[in-house]
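Read through the structure below, which is laid out as structure tokens, and then see the notes.
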Amino acid sequence: MLSNLAHIDTRAKLGSNVVVEPFTNIYENVEIGEGTWIGSNVTIFPGARIGKNCKIFPGAVISAIPQDLKFDGEETFVMIGDHSTIRECVTINRGTVDKHKTVVGKNCLIMAYVHLAHDVFIGNNVIIANGVQIAGHVHVEDNARIGGLSAVHQFVKIGRHVMIEGGSMVSKDIPPFVKVGRYPISYEGVNSIGLRRSGFDVEKINEIQDIYRILFVHNSNVSKAIKIVEADMHITTERDEILGFIKSSERGVMKGFQNRKS
């Protein structure tokens, strides 16, 4: 159902059973998958590619040009995966020449007043709570959770199954499977509840906990701790994912327990 009070450019491509509520503007070079619902007062600018069965709530602005002074009008995109929900007044800017696209994966929930800047990548099954502000070039991997009113610095990388406490200032990379919070951002344990909900068994969670005890509880020197993990822990997919993430970090990873401030 397309409201007569909505403005939909004739060059936009809408799938079957798309609903567009009154006072929404959809520009040219937009593609929307079947079964998607677009609430009232939404603005969807050129370059948006929205998947099937998504829900976009009133006041959202999708695919506006980047807030980046280097942007020079190049054709770039916002890609939103199937079954994702974009709540009220979310803003998602399209990419720049760096990545050419800003991506939100499948089955994501992006809550009200979130901002996703240019060239951000959000994986699948990610939940971002109200008021989170994510700067350009940030990479958030699958099944991460970001608490409300947090801010994420540009170029930060957040690993799989991470839980970030509300109100956090995230200026360092966050390795997979952990809980973090406070200022400066620091390790608070393994995200064991989230891992159990995602099907990790007790043995695997204990293995991950053992790795992080070495990295962030018993040792202050991460380089030394990595060598201990490599020597003492059996090779597993999760072990190598954690070590690979830390070794490849360009911004450096968050602090461990001993470096936290009260």
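Residues of segment 33-68 that are assigned to a loop (DSSP other than H, G, I, E, B), open to solvent by 20 Å² or more (accessible area, probe 1.4 Å) and aliphatic (A, V, I, L, M): 65 alone.
Confirm whether residue 201 is open to solvent by 80 Å² or more (accessible area, probe 1.4 Å), farther than 20 Å from residue 160 by Cα and among the acidic types (Asp, Glu). Here the answer is no, as residue 201 does not meet what is asked. Candidates are the residues of segment 8-31 that are over 28 Å from the mean Cα position of the chain (by Cα) and among the β-branched types (Val, Ile, Thr); the one that is nearest to residue 43 (Cα to Cα) is 8. Condition check for residue 253 on (1) farther than 23 Å from residue 145 by Cβ; (2) at pLDDT 95 or above; (3) not acidic (Asp, Glu): one failure, at (1).
Show the residue pairs that are 6+ apart or on different chains and have beta-carbon atoms under 6 Å apart, the first residue being within segment 41-68 and touching a residue at least 12 places away in the same chain (Cβ under 8 Å) and within 16 Å of residue 118 (Cα to Cα), the second being open to solvent by 40 Å² or more (accessible area, probe 1.4 Å) and outside any loop (DSSP other than H, G, I, E, B). Taking only residues 6 or more apart or on different chains, the pairs are 47/77; 49/31; 49/77; 49/79; 61/91.
Picking from residues in segment 28-51 that are in contact with a strand residue (DSSP E or B) (Cβ under 9 Å, 6 or more places away or on another chain) and among the charged types (D, E, K, R), the one that is nearest to residue 9 (Cα to Cα) is 31. Once segment 4-32 is narrowed to residues that are part of a loop (DSSP other than H, G, I, E, B) and touching a Leu at 6+ places or on another chain (Cβ under 9 Å), the residue that is most open to solvent (accessible area, probe 1.4 Å) is 23. Segment 69-171 holds strands (runs of 3 or more DSSP E) entirely within its bounds, and those carrying 2 or more residues that are farther than 22 Å from residue 188 by Cα and open to solvent by 20 Å² or more (accessible area, probe 1.4 Å) map to 77-80, 101-104.
So how many residues does segment 214-236 have that are part of a helix (DSSP H, G or I) and within 21 Å of residue 179 (Cβ to Cβ)? Adding up the residues that qualify gives 8.
Looking only at residues in segment 59-95 that are on the phi > 0 side of the Ramachandran plot and among the small types (Gly, Ala, Ser), which one is farthest from the chain's Cα centre (by Cα)? Talk me through it step by step, then tell me what you get.
First, the residues of segment 59-95 that are on the phi > 0 side of the Ramachandran plot: 59, 63, 73, 83, 89.
Restricting the remaining residues to those that are among the small types (Gly, Ala, Ser) gives 59, 63, 73.
On the way: 59: 20, 63: 16, 73: 25 Å.
Taking the candidates together, the pick is 73.
Residue 216 falls short on exactly one of the conditions (1) of a type outside the set (Ser, Thr, Tyr); (2) open to solvent by less than 40 Å² (accessible area, probe 1.4 Å); (3) closer than 18 Å to residue 129 by Cβ, and that condition is (3).
The values are calculated or read from the model by the stated rules, or taken from the named source; none is laboratory data. Remember, it's a predicted structure, so these values are computed and weren't measured experimentally. Using ideal geometry, Cβ is built from the backbone for each residue, glycine included, and neighbour counts are taken over all protein chains shown. The accessibility values were calculated without ligands, DNA or RNA, using every heavy atom of the protein model including side chains. Shrake-Rupley method; radii C 1.70, N 1.55, O 1.52, S 1.80 Å.
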